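Encoded as structure tokens, the structure appears first; notes follow it.
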Amino acid sequence: MMNNRLRQAWNGVELLFKKADVLLAGTPFQVPVGLVHTLIELRSAIDHNDYELNALMIRTQERLNAVHNMLANDNDADSKDLIQGFAEKLATKLCELDNISKKAAWRKILENEHDRLQLHHILRYIDDQIKDFQITLALKIDQNIFNLRRSFDQLQLNNWPFSRKAIYNYNLEGIPTLSRGACLQGTRVSILEHIYEWAQDSAPTSPSVFWLTGHAGSGKSTIAYSVAEQFDKGRGVLKTLQATFFCSRQFEETKYQKYIIPTLVHQLAHHSRLYAESLLSADQFDSVNKQLLNQMDDLLVEPWQKSVSGRPPDLPPYLIVIDALDEIEGKGGVEFLQELLMTINSGHLQGLKFLVTSRPDPGLAELCRSFPPSSVCHLQDVSEEQAHTDIMKYLHNALPMYENRIKLEELGRKANGLFIYASTAVRYISSGTSGEQHDLMRQLLDSTNNMKVSESPDLFNPTALIDNLYHQILSEAFSQVQKNHIEARLKILHTILCAEERISTSVAAGLLSNIANAKDMKERADDLIKKLHAVLYVKENKGNRHKFI
């Protein structure tokens, strides 16, 4: 019986090498004929008192059986590199086993401590490689949606009210009011490693939701982007990112709750074959325009539960990233998280993990109060030393032409852990020519150094530092203007800020002038906007007319 199970498991190895035969032809990775008999003899010789070695053999048999079933159902040509790599590693270790078997009978070999330890090492290596191959192949099979084009046509996914702008790596070219990007290499290391570890933890006790919170400008979205990119590209981790929704008040499709579920479902269906098939069979597509509860149950929960029944047990959890949930209009963000947590607590979304970021909004904070410490990160609690180190790396990278390290250190201290302060200062300094940048740095530092004690920012107020920086930039923009001209420039600025949509300097000037002084007012508007480049989002159209919010 034992030998029959091993022979059955060996079928998985034979099928693997059959698929890899052309790839391995003419290479050193040739498996000796009759090796299955060698393995059977080894299995028979293992003393049942050697629990570890015995368990390794049994587990390896089970994994090889699973590999056989998966390979039998895999017709994806893109799997050839994966199969070849695994086959080469497996063949190398199987040959080592064969060489050991030639020394003597297995029972004699197992009495030698050195040979026994070597055998343990080989079998553990084989077991680990089979496990990794099994998981990677299972992911590849589930993420192969090539044959689902007809299903997508039936689902009419592209006709759903989903948000393209909410996808983490959406091309934002031409949208100057929004920018996204990953953390600079070597920054936020401990925070990212903590989240990576949580995202890959498939233990039933591992929390399904991780909350990353911090004040405005603390770098939440940049961290969320880095996590999404890491698990999307598979850089040192498995490619388990399934969906993202980056909320923003700037666009209708990223600020309303009704877009969240349809957008997540749209992406999930394009990443998981099992889920897409279950979504199609559920046939609840009209729920895309219904209330949150209907969307959650009909489009996410029911199809996901159906898909889980066909999920290989070793498949890692899939990751969904939702950024800036507090920017959803009204109480939509709180309502969404509340419904999501209730669904998760009911056990209906096993196999999915959610990274959620937000400011410490009272409603969201209350919902996350019960989270274990391991699944919460308060950016305001990051040590000052670590925050300063990360900001200094950013400043050195963003201002490479600035060789005065003392000035950069001073600017880094003034940021006081706020990345938005550092990035705004960089925008302000970079707006000048190479010759002007030193003057802009000096002006920026001197203005805050010379502040009166009564004007010093309240360090306990999370926005005080950035408020002070904005105040400095605004003051500089008006400092060289004659008193009798200040009112006109203030009117220009107020008109731009109060406009419902982005307007050009020509339009702003036209609203405040007559025909006689229109050109002069336009020049004043252009000059003002140039000086406020660091704090206004500016876009030039083909006619060189500036637009901003």
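Miscellaneous remarks
- Residue match in region 108-115 (condition: out of contact with any Lys or Arg (no Cβ under 8 Å at 6 or more places or on another chain), part of a loop (DSSP other than H, G, I, E, B) and at pLDDT below 80): no
- Region 466-497, residues that are open to solvent by 90 Å² or more (accessible area, probe 1.4 Å) and either among the aliphatic types (A, V, I, L, M) or closer than 30 Å to residue 219 by Cβ (or both): 471, 497
- The sole residue among 340, 355 that is surrounded by 20 or more Cβ atoms within 10 Å (Cβ to Cβ) and part of a helix (DSSP H, G or I) is 340.
- Qualifying residues in region 153-174 (those that are open to solvent by 50 Å² or more (accessible area, probe 1.4 Å) and under 19 Å from residue 248 (Cα atoms)) - the one modelled with the lowest pLDDT: 173
Every residue, every condition in (1) under 29 Å from residue 211 (Cβ atoms); (2) touching a residue at least 60 places away in the same chain (Cβ under 8 Å); (3) open to solvent by 70 Å² or more (accessible area, probe 1.4 Å); (4) in contact with a Leu (Cβ under 6 Å, 6 or more places away or on another chain), yes or no:
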| site | (1), (2), (3), (4) |
| --- | --- |
| 373 | yes, no, yes, no |
| 377 | yes, yes, no, yes |
| 382 | yes, yes, no, no |
| 385 | yes, no, yes, no |
| 388 | yes, no, no, no |
| 396 | no, no, no, no |
| 401 | no, no, yes, no |
| 410 | no, no, no, yes |
| 416 | yes, no, yes, yes |
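- Residue list for region 246-304, restricted to those being of a type in the set (Lys, Arg) and either under 18 Å from residue 351 (Cα atoms) or more than 25 Å from the chain's Cα centre (by Cα) (or both): 273, 290
- Considering region 117-126, the residues that are touching a Lys or Arg at 6+ places or on another chain (Cβ under 8 Å) and surrounded by 16 or more Cβ atoms within 10 Å (Cβ to Cβ) include one that is modelled with the highest pLDDT, namely 122.
- Which numbered condition residue 200 fails, given (1) touching a residue at least 40 places away in the same chain (Cβ under 8 Å); (2) on the phi > 0 side of the Ramachandran plot; (3) open to solvent by 20 Å² or more (accessible area, probe 1.4 Å): (2)
- Any chance residue 56 is at pLDDT 75 or above, in a helix (DSSP H, G or I) and open to solvent by less than 40 Å² (accessible area, probe 1.4 Å): yes
- Any hit, region 100-115, residues being within 45 Å of the chain's Cα centre (by Cα) and open to solvent by 20 Å² or more (accessible area, probe 1.4 Å): no
- Once region 175-196 is narrowed to residues that are open to solvent by 40 Å² or more (accessible area, probe 1.4 Å) and assigned to a loop (DSSP other than H, G, I, E, B), the residue that is modelled with the lowest pLDDT is 179.
- Residues of region 505-548 that turn out to be modelled with pLDDT under 60, open to solvent by 80 Å² or more (accessible area, probe 1.4 Å) and outside any strand (DSSP E or B), as a count: 4
The values are calculated or read from the model by the stated rules, or taken from the named source; none is laboratory data. Computed from a prediction, not measured in an experiment: that's the story for all the values here. As a convention, Cβ positions derive from the backbone with ideal geometry for all residues, glycine included, and neighbour counts pool all protein chains shown. What goes into the accessible areas is simple: the full protein's heavy atoms, side chains included, and nothing from ligands, DNA or RNA. Shrake-Rupley method; radii C 1.70, N 1.55, O 1.52, S 1.80 Å.
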